[in-house]
1. Taking only the C-alpha atoms, wrap a convex hull around the stretch 342-402 and report its volume per residue in Å³ as a whole number.
2. In the chain, once you exclude exposed GluC sites (Glu not before Pro) (DSSP loop, at most 16 other Cβ within 10 angstrom), what's the longest stretch remaining?
3. Among the lysines, select those whose C-alpha is under 24 Å from the C-alpha of Lys112, and discard any that sit fewer than 8 residues away in the same chain.
4. List the relative contact order of the chain as a percent without decimals, with contacts defined as Cα pairs under 8 Å and 6+ residues apart.
5. Would you mind checking the radius of gyration and Dmax of the stretch 283-336 based on alpha-carbon positions, in Å?
6. Which net charge results when you count Lys and Arg as +1 and Asp and Glu as -1 among the other residues whose beta-carbon is under 9 Å from that of Phe335?
7. Just the number, please: carbon plus sulfur as a percent of the accessible area of the chain, 1.4 Å probe, no ligands or DNA/RNA counted.
8. How big is Rg to Rh over the stretch 1-130, alpha-carbon atoms, Rh as the Kirkwood inverse-mean-distance radius?
Amino acid sequence: MKITKAKVIVCRPGRNFVTLKVLTDEGIFGLGDATLNGREKAVVAYLEEHCIPALIGKDPQNIEDLWQYFYRGAYWKRGPVTMTAIGAIDMALWDIKGKALDTPLYNLLGGKSREQVLVYAHANGQNIRAAVEAAQARMEEGFKAVRVQSGFPGMSHPYGVPGEDEDYEPAQRGLPVTEYWDTSKYLKSVPRLFDKLRAELGDNVHLLHDVHHRCTPSEAALIAKRLEPYDLFWIEDPVSGELQEGLRMIRAQSATPVAIGEVFNSIYDYTTLFTEQLINYFRMPLVHGGGITHLQKVAAFASVYHIRTGFHGATDLSPVNLAASIHFDLAVNNFGIQEYMPHQEVVHEVFTVPYRYQEGVLLLDEVPGIGVDIDEEKAKQYPYQMASLPVNRKSDGTMFYW
Ligand code: EZ4
Ligand code: CO
């Protein structure tokens, strides 16, 4: 089998998505997600200028060798742009292999370890009352795990908490907007949120919370300790994690489980975190972490240390990534949970998907490969527009540096 052509499809059905389509001489094609929120065109250029010319004529069946070719062969390893481009190629090659062998991707990854994928939903509110009501609404939809974010007095729109009647979408059109953050207000308010949640929702739901890298290790240790009585499923990104040793401080203070890694892209981002068992879940998604081939190695490494998957699954990761993640989640032994935010309706005009939500889990149809298709004509109706994630300043104006 030979790769004859590959193209990058950029579209904006409600938000920007970058999709790689790899075609072969046997008429089989594969899709990969190449969306890097706010930096879409950098990945497009990396693929079009450097990777696609080298893909033509290669045998798509040799996935491991091609992964190493693009990772090691470039000399410049790691980094989100590089790893997203490699991730898209890798996903497309696994998709081709599944279609060529007429079997679902999960079957190529060792078969099913479970029949369904536990997911967590998002509940956001501009104040604690609204957040509690949003969490109740998710439970009524059947979700067994809910991530809760809230605005607080003096901070009604922290990162990721949409305004009233707005969809969750941290990236805004054009250049970045500036958001402000006050850690001392947050540290006082967040235990009140979870106190209220447990009082109103009871113990029969997993509660999660995302700190969005806003704290220093000692501040994060305080949060983990203060939230301990509420028995969270995890706190996410309590610190940015670049200083892996910083997590030691959180661990020393609290047994609250920690999830980290949605902005990581390499197995080397995890060495201290894994070997010292400083986290419980790793979040690096297939799309930004070099694809299925790399994530298999990371998951195996994690499993040695009792660390499980908790893949990032916000709506800026395309349906191709979500479907591939569900295959992976079904197959991998050390699965933890999958983040799930439903895409807007309009996304499904462009992408047809093999998964469906039902009572707190995602189910997958028996489809060869990843099982997502893209309607290229429809995609043309939704052209790209620049959008950026916000920048974050402390309330005195200082840019965050961690
Ligand atoms: O900030 O997907 O856990 N989810 C998150 C998301 C991320 C966005 C970044 O593109 O933190 O909201
Ligand atoms: Co997050």
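The values are calculated or read from the model by the stated rules, or taken from the named source; none is laboratory data. Model, not experiment: these values are computed from the prediction. All Cβ positions, even for glycine, are placed from backbone atoms using ideal geometry, and neighbour counts span all protein chains on display. What goes into the accessible areas is simple: the full protein's heavy atoms, side chains included, and nothing from ligands, DNA or RNA. Shrake-Rupley method; radii C 1.70, N 1.55, O 1.52, S 1.80 Å.
1. Considering the Cα atoms of the stretch 342-402, their hull volume per residue is 195 Å³.
2. Longest run free of exposed loop sites: 27-114.
3. Candidates past the 8-residue exclusion: Lys97, Lys99, Lys144, Lys297.
4. It rounds to 23 percent for the chain.
5. Rg, Dmax (Cα atoms, Å): 10.4, 31.
6. Local charge sum for Phe335: +1.
7. Result for the chain: 49 percent of the exposed heavy-atom area is carbon or sulfur.
8. When Rh is taken as the Kirkwood radius, the ratio is 1.06.
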